[in-house]
Amino acid sequence: MSDSFQTSVFDNFINLTNLAETNVTRLFKLISKYINLSCFIAPAFHRAFYKDRGRKHRYSLLSFLNALLVKKLFKIPTVKGLVAFINASPDCAAFCNLSTAPDETKFSWFMTTFHNHIKSLFDNMVQFSLPVCQEINPKLANTLIYDPTSVLANVHENNPKFVNTEIKKAKKLQKANPDFNPYAYVYSHMPKTASASDCPVNLSYTNGCFAYAHHFGILSNALGIPLDIVPLNNLPNPTGNPLSDKDLSESASLKPVVSAFLNRHPNFVRYTFLGDAAFDNVDTYDFLLDECGFKRAVIPINPRATKFPNASDFNEHGIPFCTVCNKPFKFAGSTGGDKRAPRLKFLCPLSFSDNKGRSYSACLNPCTDSRCRARYVSSSSNRRLYPGEVLRGTDHWSNIYKQRSVIERTIFALKSHSSSFTSTSRNSNTVYSELLFGGIASLSILILARQLSTKSFKSFNQILKAA
């Protein structure tokens, strides 16, 4: 049948994403019919799981993987609930190839022991998904967004009563000294590491509060597809300033996470990088634009960073400013060639073009004899002001940066799939596996959209009837 009579990957992806929120049972039936995780299992994972332990395995590797995928699709918060769900649902038991569900300790053992192999499964699914994202929207697929996130650890120091007790003690000292900051005092005197020996998490400032949390770096594209989930174990030690600590730890995590991802997936098209103001420093721009090869790095200026020197002929966005008419110059694109460094071109604020595209200036006091004043700025002269092929302070910049909100939704979906806003487990490997399976659930929906587009379905309703 002609492709014109088949459903598109984009339409299937949108419909399946909506189906995940409205009717997950039908989505599960489609995934059980068209998705086979065994295609993405690396041989090393298979060998590690079936390594001879002196007795026969009662449950297969694929059974564990499918069961944990079901947990994410149906957003079952606990393993205990998953066990009950499998035992109560014949369809789910058949999908997992289980007569009875493994007990809770088996699932815990699986996630703790094989977290690295689960990561390889996730990476294989990402590699398969990159061309699919290109089919849906190349511009959004070529955008890489990075944002660290945290999952609160299950330790008694995260109990609000613990912190509030310390703050109350510190506020008593404030009465004698009005300039005393009780919150900064408590932060600097709290234990740097949680007391639980089986949960070595450090104190950090996350989600607007002090907490002991597991930290992860998340990469996605502008379609909201998770591309990498990396544990951040070696964050810088607290300095006493919570805001500085947050910026320092996030900035330090960017280079190893992005480098590892690009090395693992060299076919990823590097065009736009999006990040928040925590990554605003010269080294980051040099790394992204020179070493990684991105065309533009859309990162807001960090107001807590060093201010730019004042210049009468430039505004705060690095745009040349006309002191005669008190207006910024008009951005006219970038120029350059094989033997010339790229430059940004700006025209007189009062310039206009004729029907042949030639520029003229309507200024009554022109500062040049030419028909229109033009200024050129080297994009490499100040990477913070000119981070590639985009100009700060323009509508174009704002429209691109709005796409960064996608990763916030991606992180929320990962934690929602994993029920991981606050972990019930103290083991960091288990928490990591939970997030990875949240990503695997999201990738399964994308891969399902691609699989359905190759079938002879004329509409999504036909797909649902066939489920």
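The values are calculated or read from the model by the stated rules, or taken from the named source; none is laboratory data. If you're wondering where the values come from, they're calculated on a predicted model, not measured in any experiment. We place every Cβ from the backbone using ideal geometry, glycine too, and count neighbours over all the protein chains shown.
A compact table of results
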| quantity | calculated |
| --- | --- |
| Conditions (1) out of contact with any Ser or Thr (no Cβ under 8 Å at 6 or more places or on another chain); (2) of a type in the set (A, V, I, L, M); (3) closer than 30 Å to Gly439 by Cβ; number of the one not met by Met190 | (3) |
| Test: Pro366 is closer than 22 Å to Asp395 by Cβ and modelled with pLDDT of 75 or more | no |
| Contacts under 8 angstrom Cβ, first residue in segment 195-207 being closer than 16 Å to Val431 by Cα, partner at pLDDT below 70 and crowded, with 20+ Cβ neighbours inside 10 Å, 6 or more apart | Asn202/Pro238 |
| Residue pairs meeting the criteria (Cβ under 6 Å; at least 6 apart or on separate chains; first surrounded by 11 or more Cβ atoms within 10 Å (Cβ to Cβ), in segment 163-181; second at pLDDT below 85 and aliphatic (A, V, I, L, M)) | Glu166/Val186; Ile167/Val186; Ala170/Val186; Phe180/Leu173 |
| So Leu37, is it surrounded by fewer than 20 Cβ atoms within 10 Å (Cβ to Cβ) and in contact (Cβ under 8 Å) with a residue 12 or more places away in the chain | yes |
| Candidate set: segment 323-356, residues that are modelled with pLDDT of 80 or more and touching a Cys at 6+ places or on another chain (Cβ under 7 Å); chosen: the one farthest from Thr394 (Cα to Cα) | Cys325 |
| Residue tally, condition of a type in the set (S, T, N, Q), assigned to a loop (DSSP other than H, G, I, E, B) and touching a helix residue (DSSP H, G or I) at 6+ places or on another chain (Cβ under 8 Å), over segment 152-180 | 0 |
| Failed criterion for Ala153 (all others in (1) closer than 30 Å to Leu227 by Cα; (2) modelled with pLDDT of 90 or more; (3) hydrophobic (A, V, I, L, M, F, W, C) hold) | (2) |
| Residue in segment 414-432 that is on the phi < 0 side of the Ramachandran plot, touching a Leu at 6+ places or on another chain (Cβ under 7 Å) and modelled with pLDDT of 80 or more present | yes |
| Residue in segment 43-63 that is surrounded by 16 or more Cβ atoms within 10 Å (Cβ to Cβ) and either more than 18 Å from Leu121 (Cα to Cα) or among the small types (Gly, Ala, Ser) (or both) present | yes |
| Residue within segment 135-146 that is closer than 30 Å to Ser251 by Cα, of a type in the set (Phe, Trp, Tyr) and not assigned by TED's automatic domain parsing to the domain that holds Gly224 present | no |
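Residues are listed down the side, and each one gets a yes or a no for (1) assigned to a loop (DSSP other than H, G, I, E, B); (2) small (Gly, Ala, Ser); (3) at pLDDT 85 or above:
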{"residue": "Arg375", "(1), (2), (3)": "no, no, no"}
{"residue": "Ile407", "(1), (2), (3)": "no, no, yes"}
{"residue": "Gly439", "(1), (2), (3)": "no, yes, yes"}
{"residue": "Gln462", "(1), (2), (3)": "no, no, no"}
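Okay, residues lined up against (1) part of a helix (DSSP H, G or I); (2) under 30 Å from Thr206 (Cβ atoms); (3) touching a residue at least 40 places away in the same chain (Cβ under 8 Å); (4) not basic (Lys, Arg):
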{"residue": "Pro102", "(1), (2), (3), (4)": "no, no, yes, yes"}
{"residue": "Phe107", "(1), (2), (3), (4)": "yes, yes, yes, yes"}
{"residue": "Thr112", "(1), (2), (3), (4)": "yes, yes, yes, yes"}
{"residue": "His117", "(1), (2), (3), (4)": "yes, yes, yes, yes"}
{"residue": "Asp123", "(1), (2), (3), (4)": "yes, yes, yes, yes"}
{"residue": "Lys139", "(1), (2), (3), (4)": "yes, no, yes, no"}
{"residue": "Ile145", "(1), (2), (3), (4)": "no, yes, yes, yes"}
